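Below: one structure, written as structure tokens.
The values are calculated or read from the model by the stated rules, or taken from the named source; none is laboratory data. Nothing here was measured: the structure is a model prediction, and the numbers come from that model. Neighbour counts run over all protein chains shown; Cβ positions are idealised from the backbone, glycine included. To get the accessible areas, we keep the full protein, side chains included, count just its heavy atoms, and leave off ligands, DNA and RNA. Shrake-Rupley method; radii C 1.70, N 1.55, O 1.52, S 1.80 Å.
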Amino acid sequence: MGNKGGRRQSKLNSSVILQVYIEKQKGEILGVVIVESGWGSILPTVIIANMMHSGPAEKSGRLNIGDQIMSINGTSLVGLPLSTCQTIIKGLKNQSRIKLNIVRCPPVTTVLIRRPDLRYQLGFSVQNGIICSLMRGGIAERGGVRVGHRIIEINGQSVVATPHEKIVHILSNAVGEIHMKTMPAAMYRLLTAQEQPVYI
């Protein structure tokens with residue numbers, strides 16, 4: 001597809017993998033916060049949740065919050081635990097050029113659950129707005145619901161400040177096409193300043 005601005009593209013299950021190079025000083029951190037993409041995601045790999053202001057990752061202009069990191073300097077991160085991925089990235093501190101294979105993903109996941117009537121179980125449970133379990137093969141899993149994600153919106157209505165009971169009430173009475181927006185809970189906590197970012 002040609003090399004454009006240091007990015008090469010290849011296809012993987014209809015997701016476009018971009019190759020991104022980031023230059024930095026030896027001894028300098030990459031300047032990212034990574035979180036898990038959430039169980040049930042198509043690609044079980046880490047995503048960028050935050051970038052350090054004026055750090056190499058942000059300055060490059062080539063990475064976005066929500067990007068999934070497939071591999072870094074040739075090491076695949078797919079399917080690895082978060083702590084292992086963090087160790088791999090920390091281990092690159094003395095490198096001056098880092099190659100990442102990423103898949104562009106908006107930080108917010110859009111979910112569409114088709115529920116013909118109330119007899120159909122939604123097939124997931126929620127605690128404080130966070131999806132904590134998912135029934136395999138249920139309508140929620142088919143619609144793209146992910147464990148570990150915070151529900152932000154249901155049918156166009158923000159539920160960010162909505163109490164748990166109200167969220168459960170809205171969901172249990174919803175039928176037809178249920179549109180939801182979700183994002184990884186760890187990313188949500190960073191973006192709402194409930195958690196201090198630890199950059200690597």
Taking Cα atoms only, Rg over Rh for the chain with Rh from the Kirkwood formula is 1.02
Once you keep just the Cα pairs under 8 angstrom separated by 6 or more residues, what percentage relative contact order results for the chain? 23
Tell me the net charge near Lys59. Cut-off is 15 Å between Cβ atoms, Lys59 excluded, with +1 for each Lys or Arg and -1 for each Asp or Glu. 0
Over the alpha-carbon set of region 109-189, work out the extent along each principal axis and list the three values in angstrom, largest first. 33, 23, 19
Within a Cβ distance under 15 Å of Glu28, other residues only, what is the Lys/Arg minus Asp/Glu net charge? +4
Provide the per-residue ³J(HN,Hα) series for region 143-160, in order, calculated from phi with Karplus coefficients 6.51, -1.76, 1.60 and θ = phi - 60°, each as a whole number of Hz, with x at glycine and proline positions. x, x, 5, 10, 5, x, 9, 9, 6, 9, 8, 10, 6, x, 9, 5, 10, 4
The chain, helix-only ellipticity at 222 nm - DSSP H runs n ≥ 4, -39,500 (n - 2.57), divided by all residues, nearest 500: -4500 deg cm²/dmol
Apply the Karplus curve 6.51 cos²θ - 1.76 cosθ + 1.60, θ = phi - 60°, to the phi angles in region 126-135 and return the couplings in whole Hz, x for Gly and Pro. 10, 9, 6, x, 9, 6, 10, 8, 9, 7
Of Leu82, Ala57, Leu190, which is farthest on the positive side of the dipole of the chain, counting Cα position, with +1 on Lys and Arg Cβ, -1 on Asp and Glu Cβ, and the Cα centre as origin? Ala57
Dipole size in debye (nearest 20) for region 17-104 around its Cα centre, Lys and Arg Cβ +1, Asp and Glu Cβ -1? 280
Please get the size of the charge dipole for region 109-189, origin at its Cα centre, with Cβ charges of +1 on Lys and Arg and -1 on Asp and Glu, quoted in debye to the nearest 20. 160
Hey, if we sort His164, His53, His149, His169 by accessible area with the 1.4 Å probe, largest down, what's the order? His53, His169, His164, His149
For region 17-104, how many pairs of lysine residues have a Cα-Cα distance under 12 Å, where the two are 8 or more positions apart or belong to different chains? 4
Nothing charged except the Cβ atoms of Lys and Arg (+1) and of Asp and Glu (-1): what's the magnitude of the dipole of the chain about its Cα centre? Round to the nearest 20 debye. 640
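Just to confirm a number: summing +1 for Lys and Arg and -1 for Asp and Glu over residues other than Ala140 whose beta-carbon lies under 14 angstrom from that of Ala140, what do you get?
+3
Convex hull over the Cα atoms of region 17-104, averaged projected area in nm²?
4.9
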Can you list the residues, at least 5 places off or on another chain, whose amide H is less than 5 Å from the amide H of Leu77, using H built in the peptide plane? Ser71, Ile72
Could you sort Tyr120, Tyr199, Tyr188 by accessible area so the largest value comes first, with the probe set to 1.4 Å? Tyr120, Tyr199, Tyr188
With θ set to phi - 60° and the Karplus curve 6.51 cos²θ - 1.76 cosθ + 1.60, what are the ³J(HN,Hα) couplings of region 93-98 in order, to the nearest whole Hz, using x for Gly and Pro? 4, 8, 8, 9, 9, 10
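Return the carbon/sulfur percentage of the accessible area of region 17-104, one whole number, probe 1.4 Å, all protein chains in place.
50
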Whole-percent pair-distance distribution, where bins are 5 Å wide, for the alpha carbons of region 37-154: 2, 10, 18, 20, 16, 12, 9, 7, 4, 2, 1, 0
